[in-house]
1. Please give the number of the condition residue 389 fails out of (1) outside any helix (DSSP H, G or I); (2) over 21 Å from residue 462 (Cα atoms); (3) in contact (Cβ under 8 Å) with a residue 24 or more places away in the chain.
2. Show me the helices (runs of 4 or more DSSP H) found entirely inside region 186-274 where at least 2 residues are within 16 Å of ligand 1 (Cβ to nearest atom) and closer than 22 Å to residue 167 by Cβ.
3. Given the criteria of a type in the set (Gly, Ala, Ser) and assigned to a helix (DSSP H, G or I), does residue 283 qualify?
4. Any idea how many residues of region 19-32 are of a type outside the set (A, V, I, L, M, F, W, C), more than 19 Å from residue 259 (Cβ to Cβ) and out of contact with any helix residue (DSSP H, G or I) (no Cβ under 7 Å at 6 or more places or on another chain)?
5. Tell me, which helices (runs of 4 or more DSSP H) wholly within region 1-91 include 2 or more residues that are of a type in the set (D, E, K, R) and within 24 Å of the chain's Cα centre (by Cα)?
6. Applying the selection to region 91-108, what residues are surrounded by fewer than 21 Cβ atoms within 10 Å (Cβ to Cβ) and either closer than 19 Å to residue 48 by Cα or charged (D, E, K, R) (or both)?
7. Please work out if residue 166 is free of Cβ contacts under 8 Å to residues at least 40 places away in the same chain, over 25 Å from the mean Cα position of the chain (by Cα), surrounded by 22 or more Cβ atoms within 10 Å (Cβ to Cβ) and within 13 Å of ligand 1 (Cβ to nearest atom).
8. Has region 266-279 got any residue that is in contact (Cβ under 8 Å) with a residue 12 or more places away in the chain, surrounded by fewer than 22 Cβ atoms within 10 Å (Cβ to Cβ), within 20 Å of residue 67 (Cβ to Cβ) and not β-branched (Val, Ile, Thr)?
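The values are calculated or read from the model by the stated rules, or taken from the named source; none is laboratory data. Bear in mind the structure is a predicted one, so any value in this text is a computation, not a measurement. Note: ideal-geometry Cβ built from the backbone for every residue, glycine included; neighbour counts use all protein chains shown.
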Amino acid sequence: MTDRVIIFDTTLRDGEQSPGATMFAQEKINLAGMLDDMGVDVIEAGFAAASPGDLACIQEVSRNVRNATICSLARGIKGDIEASAQALEFAQKPRIHTFMSTSDLHIIHQFRMSHEQVLETIDSTVRYARSFCDDVEWSAMDATRSDMSFLMKAVGTAVLAGARTVNIPDTVGYTMPHEYHGMISQLVQAFPQTIFSVHCHNDLGMATANSIAGVMGGARQIECTINGIGERAGNAALEEVVMALKTRQAILGCDTAIDTRQIYNLSRAASGMTGFPIQKNKAIVGWNAFAHESGIHQDGMLKNRDTYEIMSPMSVGITHSQMIMGKHSGRAALANWAAERGIVLDKDALNEAFIVFKTIADSKKHVSDGDIFSAIQPSSETVQHLELLSVQTTQDEFGQNSADVGVAIAGNQVTLSAQGDGPVNAVFNAIGTVIPGLAPQLQDHDVHGVSYQGHTQSESRITILYQDKPYTGHAYDVDTMMASASAYISAMNKILAQPAYRSIVEGF
Ligand code: KIV
Ligand code: ZN
């Protein structure tokens, strides 16, 4: 039997509390729609009393979201609860989430209250919240640094006052998995009818581990954010806790309602909206999460992907694993790279290409497709490729841009010329004329600077459409225009690698 864990997303509330992560109201509404589509159970849409803008935004999210419960945060004060109730007026499934600190550190030093006053406040505010809404969650802020016997009293008070869900936050990311597990287990045992929730911050990098430990102790709701954004070092990342439950379901015995194939898209969307980049090696959604560079790993992956992947990239919405060609790659990966492009290398050709490839890889930080093509000496069975020699652009007195692009095709040097809206466009148009009538369409072009140990290069990624199929190219160069032209050439090489073009290319 698998238990269902409720996923409570707080990207729009705790996540937005990350310094610098403010989102526009429309972005929050869009993100809430995506969270709902992905199967999130509860969306904490904001803190209604924080500002009229926050209140209006929760109202708009409430109007738009059809499936998930919409929640608004409220301090343990009447005005906050009233603001939350107003914000949730249009929600199909509203929840008021109110909280009060339970640690002596907070009670004595921050709020200057007695323990009795805290218990009275919990009782009156939960009851007041219940007068507006059946679904009330109560949180014991700084629970993990609270005295356990006082925490028990506080939880008992909240449950008696009508809280359906009780959250035990590790507000400052202090607890260790075994401690948190022990704490949650005791509470679950004492209050078996209550749904306990975990809310873990990442100050010691333990947020995901602690959340899972809490679930192992009997918690059945996890509070988390997309990409783990949140106060200070952030909250538990939704993608991590959900994939941990899915991948280790056999031992954890729990699952969620999340359509995990939407995770990657959502992660990119949230990153775009908040302006928070995703670290390259971020678990589940980082660029490198499904990329393999070492020869031993690539060899294993080519034989059986389970050797080095514990979940499939497709399960989180990434279309495929990546074999990063670099100095750690082995022969098997090079042969596979070539085969994917229709180039079959026999043993001798592979050995020869491998030596050239290793020399290039040793001398460069990034190995481009063009570099690898140049390492593979095509035999008569394989397709010739296009090589970039030079790029020259000019602008006449009327602002008209022209480009002359020198290329080698099948060993012959030719200059391709064209005009365009701007210099880059003129260069692409020129390269596109290499085979009369081929005329690929530019779908996407991205160029940006990458710096490493004081050296800056331009990285360009391109997608061109030919006969409705996308072909991508990727290149680095110290010169932005050369990087873009090389990326275009590398995409063109993928088109020209098809058997249909062999005779045309050989005719040059
Ligand atoms: O971290 C925390 O304690 C919180 C509460 C308001 C739930 O975010
Ligand atoms: Zn928090």
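1. (2)
2. On the way: elements: 207-216, 238-247, 249-252, 263-274.
Those helices (runs of 4 or more DSSP H) span 207-216, 238-247.
3. On the way: of a type in the set (Gly, Ala, Ser): yes; assigned to a helix (DSSP H, G or I): no.
So residue 283 does not fit the description; no.
4. Residues flagged as of a type outside the set (A, V, I, L, M, F, W, C), more than 19 Å from residue 259 (Cβ to Cβ) and out of contact with any helix residue (DSSP H, G or I) (no Cβ under 7 Å at 6 or more places or on another chain) within region 19-32 amount to 3.
5. Details: elements: 25-38, 52-64, 78-87.
Once the helices (runs of 4 or more DSSP H) in region 1-91 are filtered for at least 2 residues that are of a type in the set (D, E, K, R) and within 24 Å of the chain's Cα centre (by Cα), what remains is 25-38.
6. 92, 93, 104
7. Numbers: free of Cβ contacts under 8 Å to residues at least 40 places away in the same chain: yes; over 25 Å from the mean Cα position of the chain (by Cα): yes; surrounded by 22 or more Cβ atoms within 10 Å (Cβ to Cβ): yes; within 13 Å of ligand 1 (Cβ to nearest atom): yes.
Judged against the criteria, residue 166 is a match.
8. yes
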